[in-house]
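First comes the structure, then the notes that go with it.
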Amino acid sequence: MAREFSTVGVVGLGTMGAGIVEVFARNGIDVVAVEISEPALERGRITLKGSTDRAVAKGKLAEADRDALHERVHFAVGLDALHSVDLVIEAVPEHLDLKQRIFAELDRVCRPETILATNTSSLSVTEISVATSRPNQVIGIHFFNPAPVMKLVEVVRTVVTAPEVVADVEALCARLGKVDVTINDRAGFIANALLFGYLNHAVGMFESHYATREDIDAAMKLGCGLPMGPLALMDLIGLDTAYEILDTMYRRGGRDRRHAPVPLLKQMVTAGLLGRKSGRGFYTYERPGSPVVVPDEATPPATASALADGARAIAKVGVVGSGTMATGIIEVFAKAGYEVVSVTRGMEKSATVCEAVKTSLNKGVVRGKLAETDRDAALGRISWSATLEHLADVDLVVEAVVEELSVKKALFASLDEICKPGVVLATTTSSLPVIDVAMATQRPADVVGLHFFNPAPVMPLVEVVRTIRTSPEATATARAVCAALGKTGVVCGDRSGFIVNALLFPYLNDAVKMLEASYSTADDIDHAMKLGCGYPMGPFELLDVVGLDVSLAIQRELYLELREPGFAPAPLLEHLVTAGYLGRKTRRGFRDHSHR
Ligand SMILES: NC(=O)c1ccc[n+]([C@@H]2O[C@H](COP(=O)([O-])OP(=O)(O)OC[C@H]3O[C@@H](n4cnc5c(N)ncnc54)[C@H](O)[C@@H]3O)[C@@H](O)[C@H]2O)c1
């Protein structure tokens, strides 16, 4: 028989605690909600009210249910109010000594059979448990932010947690409508161990002016389908909490430099810029606690004014190449109303590309997304050629030939001779330094990267790469063109992986290392990232789709350029590639796809 939990206590009603109270009360469980002072208690009450009122306004909670929910919550200052609860969840700030003090006190106040749980993200549950006389009844119950929304709970058992306590807590999670993954006590558990290196890296990009906050966030949302960008997520988590988590992970997790908090974080915390909860973090919010971002001095002007930055007028575009990317890019430009000159290495190839563009446009017609007249007009705007000389009068060239530096350099040297002055020359490379390509011309100021994502007609993101020689006008032109294509152009520096791949692949590689260390299973790791962080796919699902060979190549590039020891490709990834397990394309990668 699973244990009955009729009353639970929650200690600390901040970002997480208030949400945890709501989760229990929504599911018919009485809650004793405890804070350190009256003002803090009042803040917790307001947070709970705000959240449930929003749920009512969105039609997700009936008014009567909200009122019943509030009646189940009893607010109190001080731990003494927890004398008769069945379970306590502690959600005070991420400091070991504070948590140990609270657990010692809880041990004294609570009934002997009460389970004591911590919501810590990174501290050792074992170290917290030994502050009590009942370490076998101490467990980690790690909710995700916002607790009422995110489905995942990480249940953390220590070496002394009693198996029946684990089973009881697992059953409770199910009653709360949550999905739990049960794991051992390790810094960051599953989700944060994979998330925080990425978040810290994104803060580093921002700190070094590699890209703006808006562009970093847009890149990860639009390029990877994440529910929010890393800097907006840092604001949601709270910068003080994030700092403590990183600091603990650095010290507990093998002193991985990637977890050493970026100095800017400490400065922001010291300055009181804690994120949403203080009304200002990486972004500025309407008021403390509000999710609504308001413009501030760093907010970029609306895209419409980009032309004012010296963007050049573009009417005619050359696209060089005949592969998947070139084909997609031709279609994108033609559909957006540009005159397009496609150049391939022979008229046979041109015919193939032409057929592919037609097929893709026809699909749009069949799906009702494109009128037949618009399809015909788009096709009418494309001219097909096998000689670069036809690019003499275009305003922009987009190169999408094979990913080999020597080939691209030779092509750019030819373009330099053929194209008129003032043309923007763009490469779609995803891994080569754009500056190498630019220096093959006499006009490096006009060369940019335009990194489209596959499939180009669908993906809403383009990374605009500016080298140290790119002129502001060329960058502005590239950005304006992206906007005219209906895409978001994010501007970044010329470093391996640009924004998206540099942030994405080390995380995927870390997931492989976690699997390799037998900390968890591929299924649980995928669950954790989907249900805890709202990712559209788990890391192993995504690796199998992208291809393990492609992923390994990108990770190797990052490692070679940045020399970051933590970026070293996971041996397991290398072995799978060597074994020919490349993912869906070979019907086997991390998973067996032969029957699907
Ligand atoms: N923020 C997140 O996204 C997130 C996600 C999962 C887990 N966590 C973990 O949850 C815990 C709480 O983090 P948070 O972000 O909610 O912090 P927070 O700073 O938003 O809230 C902490 C609350 O604890 C209260 N408090 C401090 N000392 C207390 C005491 N002695 N008795 C009672 N209350 C006390 C504070 O007044 C504050 O309201 C941390 O261990 C954190 O690592 C955070």
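Quick one: which helices (runs of 4 or more DSSP H) sit completely within the stretch 503-589 and have at least 2 residues that are under 23 Å from L199 (Cα atoms) and in contact with a Ser or Thr (Cβ under 7 Å, 6 or more places away or on another chain)?
Numbers: elements: 522-527, 539-546, 548-562, 571-578.
Fully inside the stretch 503-589 and qualifying: 548-562.
Within the stretch 96-105, is even one residue of a type outside the set (S, T, N, Q), surrounded by fewer than 16 Cβ atoms within 10 Å (Cβ to Cβ), more than 9 Å from the ligand (Cβ to nearest atom) and outside any helix (DSSP H, G or I)?
Checking the stretch 96-105: not a single residue is of a type outside the set (S, T, N, Q), surrounded by fewer than 16 Cβ atoms within 10 Å (Cβ to Cβ), more than 9 Å from the ligand (Cβ to nearest atom) and outside any helix (DSSP H, G or I).
Kindly establish whether L41 is crowded, with 19+ Cβ neighbours inside 10 Å and closer than 22 Å to A117 by Cβ.
Numbers: crowded, with 19+ Cβ neighbours inside 10 Å: no; closer than 22 Å to A117 by Cβ: yes.
Taking the combined requirement at face value, the residue does not satisfy it.
Being touching a Gly at 6+ places or on another chain (Cβ under 9 Å) and β-branched (V, I, T) is the requirement here; does V23 meet it?
On the way: touching a Gly at 6+ places or on another chain (Cβ under 9 Å): yes; β-branched (V, I, T): yes.
Yes: the conditions hold for V23.
Sort through A147, A76, A131, A174 and tell me the only one that's of a type outside the set (D, E, K, R), farther than 21 Å from T521 by Cα and surrounded by fewer than 18 Cβ atoms within 10 Å (Cβ to Cβ). Lay out the reasoning, then the answer.
Details: A147 fails: surrounded by fewer than 18 Cβ atoms within 10 Å (Cβ to Cβ); A131 fails: surrounded by fewer than 18 Cβ atoms within 10 Å (Cβ to Cβ); A174 fails: farther than 21 Å from T521 by Cα.
Just a single option satisfies the conditions, and that option is A76.
Could you please let me know if L123 is within 22 Å of V160 (Cα to Cα), touching a strand residue (DSSP E or B) at 6+ places or on another chain (Cβ under 7 Å) and in contact (Cβ under 8 Å) with a residue 40 or more places away in the chain?
Details: within 22 Å of V160 (Cα to Cα): yes; touching a strand residue (DSSP E or B) at 6+ places or on another chain (Cβ under 7 Å): no; in contact (Cβ under 8 Å) with a residue 40 or more places away in the chain: yes.
No, not satisfied.
Name the single residue, out of those in the stretch 236-251 being within 11 Å of the ligand (Cβ to nearest atom) and of a type in the set (S, T, Y), that is farthest from M16 (Cα to Cα).
Applying the filter and picking the extreme gives T248.
Looking only at the stretch 484-502, which residues are assigned to a helix (DSSP H, G or I) and among the hydrophobic types (A, V, I, L, M, F, W, C)?
From the stretch 484-502, those assigned to a helix (DSSP H, G or I) are 484, 500-502; that's our starting set.
Across the stretch 484-502, the qualifying residues are A484, V500, A502.
Conditions tested, residue by residue: (1) surrounded by fewer than 21 Cβ atoms within 10 Å (Cβ to Cβ); (2) under 28 Å from P569 (Cβ atoms).
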| site | (1), (2) |
| --- | --- |
| V458 | yes, no |
| T467 | no, yes |
| T470 | no, no |
| A474 | no, no |
| C492 | no, yes |
| F498 | no, yes |
| A502 | no, yes |
| K513 | yes, yes |
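Of the conditions (1) at negative phi; (2) of a type in the set (D, E, K, R); (3) more than 16 Å from the ligand (Cβ to nearest atom); (4) out of contact with any helix residue (DSSP H, G or I) (no Cβ under 7 Å at 6 or more places or on another chain), R255 satisfies every one except a single condition; which number is it?
(1)
Just to be sure I understand, how many residues within the stretch 258-287 are of a type in the set (D, E, K, R) and within 11 Å of the ligand (Cβ to nearest atom)? Before the answer, list the steps.
From the stretch 258-287, those of a type in the set (D, E, K, R) are 258, 266, 276-277, 280, 286-287; that's our starting set.
Adding the requirement that they be within 11 Å of the ligand (Cβ to nearest atom) leaves 276-277.
The number of residues fulfilling the criteria is 2.
Can you find even one residue in the stretch 296-312 that is under 23 Å from the mean Cα position of the chain (by Cα) and either among the small types (G, A, S) or at pLDDT 95 or above (or both)?
Scanning the stretch 296-312, I find at least one residue that is under 23 Å from the mean Cα position of the chain (by Cα) and either among the small types (G, A, S) or at pLDDT 95 or above (or both), so the answer is yes.
If I go through the stretch 232-253 residue by residue, how many of them are under 20 Å from E214 (Cβ atoms) and buried (at least 23 other Cβ atoms within 10 Å of the Cβ)? Please lay out each step first, then the result.
Step one: list which residues in the stretch 232-253 are under 20 Å from E214 (Cβ atoms), which gives 232-237, 239, 242.
Those left that are additionally buried (at least 23 other Cβ atoms within 10 Å of the Cβ): 232-235, 237, 239, 242.
Summing the residues that are under 20 Å from E214 (Cβ atoms) and buried (at least 23 other Cβ atoms within 10 Å of the Cβ) in the stretch 232-253 gives 7.
I'd like the full set of residues that are small (G, A, S) and crowded, with 24+ Cβ neighbours inside 10 Å, limited to the stretch 212-222. Please lay out each step first, then the result.
Residues of the stretch 212-222 that are small (G, A, S), as a first pass: 218-219.
Across the stretch 212-222, the qualifying residue is only A219.
Got a number for residues in the stretch 59-94 being among the basic types (K, R) and within 33 Å of the chain's Cα centre (by Cα)? Full working, then the answer.
Of all residues in the stretch 59-94, those among the basic types (K, R) come to 60, 66, 72.
This time we only want the ones that are within 33 Å of the chain's Cα centre (by Cα), so: 60, 66.
Total meeting the criteria: 2.
Might you check whether a residue that is part of a loop (DSSP other than H, G, I, E, B), in contact (Cβ under 8 Å) with a residue 12 or more places away in the chain and within 11 Å of the ligand (Cβ to nearest atom) occurs anywhere in the stretch 159-180?
Restricting attention to the stretch 159-180, the residues satisfying the condition of being part of a loop (DSSP other than H, G, I, E, B) are 159-162, 176-178.
From what is left, the residues that are in contact (Cβ under 8 Å) with a residue 12 or more places away in the chain are 159-162, 176-178.
Narrowing the set further to residues that are within 11 Å of the ligand (Cβ to nearest atom) leaves none.
Within the stretch 159-180, not a single residue is part of a loop (DSSP other than H, G, I, E, B), in contact (Cβ under 8 Å) with a residue 12 or more places away in the chain and within 11 Å of the ligand (Cβ to nearest atom).
What number of residues within the stretch 557-580 satisfy the criterion of being crowded, with 19+ Cβ neighbours inside 10 Å and not hydrophobic (A, V, I, L, M, F, W, C)?
Going through the stretch 557-580, the residues crowded, with 19+ Cβ neighbours inside 10 Å turn out to be 557-559, 567, 569-570, 573, 576-577.
Filter again for not hydrophobic (A, V, I, L, M, F, W, C), leaving 557, 559, 569.
Count: 3.
Pull up the stretch 57-89, narrow it to residues that are within 13 Å of the ligand (Cβ to nearest atom) and not in a helix (DSSP H, G or I), then point me to the one that is nearest to M16 (Cα to Cα).
Here is the first cut: in the stretch 57-89, the ones within 13 Å of the ligand (Cβ to nearest atom) are 75-82, 88-89.
Now restrict to residues that are not in a helix (DSSP H, G or I): 75-78, 88-89.
Values: F75: 16, A76: 17, V77: 17, G78: 18, V88: 14, I89: 11 Å.
Restricting to residues being within 13 Å of the ligand (Cβ to nearest atom) and not in a helix (DSSP H, G or I), the top hit is I89.
Give me the residue from the stretch 128-154 that is part of a loop (DSSP other than H, G, I, E, B) and more than 31 Å from the chain's Cα centre (by Cα) and, out of that set, nearest to the ligand (Cβ to nearest atom).
Here is the first cut: in the stretch 128-154, the ones part of a loop (DSSP other than H, G, I, E, B) are 130-134, 144-151.
Next cut, more than 31 Å from the chain's Cα centre (by Cα) only: 130-134.
On the way: V130: 17, A131: 14, T132: 16, S133: 20, R134: 20 Å.
So, considering only residues that are part of a loop (DSSP other than H, G, I, E, B) and more than 31 Å from the chain's Cα centre (by Cα), the one nearest to the ligand (Cβ to nearest atom) is A131.
Which of the residues that make up the stretch 1-56 are in a strand (DSSP E or B) and away from the ligand (no atom under 11 Å from the Cβ)?
T7, V8, D30, V31, V32
If only one of S520, S594 is free of Cβ contacts under 8 Å to residues at least 12 places away in the same chain and more than 28 Å from L432 (Cα to Cα), which one is it? Talk me through it step by step, then tell me what you get.
Numbers: S520 fails: free of Cβ contacts under 8 Å to residues at least 12 places away in the same chain.
S594 is the lone residue from the list that is free of Cβ contacts under 8 Å to residues at least 12 places away in the same chain and more than 28 Å from L432 (Cα to Cα).
The values are calculated or read from the model by the stated rules, or taken from the named source; none is laboratory data. These figures come from a predicted structure and were not determined experimentally. Don't worry about glycine lacking a Cβ; one is built from the backbone with ideal geometry, like all the others, and counts go over all protein chains shown.
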